[in-house]
Amino acid sequence: MGMTGGQLDGEPMLDMNMTPLIDVLLVLLIMFIITIPIATHSVDIDLPQGDPPPSELDIDPVKNKLVLTAQDQILWNATPISQGQLVTTLAETTGMSPEPELQFEPEALASYEISAQVLRIIKQSGVTKFGFVGNEKYRQFGTGGPAAGGQQ
């Protein structure tokens, strides 16, 4: 470890062991290098914030109806929209106070996959007032259904 054995003639040792001193200096150098902030060559500029573009969709402050047609078209209050527009529209409605109710009505022949995607978008948006409407037209109670010869 850098230590020298004693000499038999009794003379004092004149050489100082430099290894521990160098070790401590290297540790201090590494600590200083780590704590120095990295110089960046960027300039922070506050850009002006514009108003968001006005929504082309009619958002009712009380309730909005979302219909999925048999042709897999999404309708927001009878206006066709894409899934991307649905995300932004739902974000607008969840920010309203009070939050309007969202009514979802998939048609009987609508795609199950598209319906599941729309429901996932609704869930991820954080909508709290949500309901299914129009379910009564898919099943008539008391008629027995198609197996009993009744109408559906």
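Values quoted throughout were computed directly from the atomic coordinates according to the rules given, and no laboratory measurement underlies them. This structure is a prediction, so every number in the text was calculated from the model and none was measured. Cβ placement follows ideal geometry from the backbone for every residue including glycine, while neighbour counts extend to all protein chains displayed.
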Problem set entry | Residues satisfying the stated conditions in the stretch 56-79, i.e. in a strand (DSSP E or B), polar (S, T, N, Q) and touching a residue at least 24 places away in the same chain (Cβ under 8 Å) | ASN64
Seminar exercise, completed: If we keep only residues of the stretch 80-108 that are among the charged types (D, E, K, R) and assigned to a strand (DSSP E or B), then the residue farthest from ALA70 (Cα to Cα) is GLU101
Seminar exercise, completed: Within the stretch 65-86, restricting to residues that are among the polar types (S, T, N, Q) and surrounded by 14 or more Cβ atoms within 10 Å (Cβ to Cβ), the one that is nearest to LEU102 (Cα to Cα) is ASN77
For this session: Considering only residues that are among the hydroxyl-bearing types (Ser, Thr, Tyr) and over 23 Å from the mean Cα position of the chain (by Cα), look in the stretch 79-112 and name the one that is farthest from GLN124 (Cα to Cα).
Result: THR79
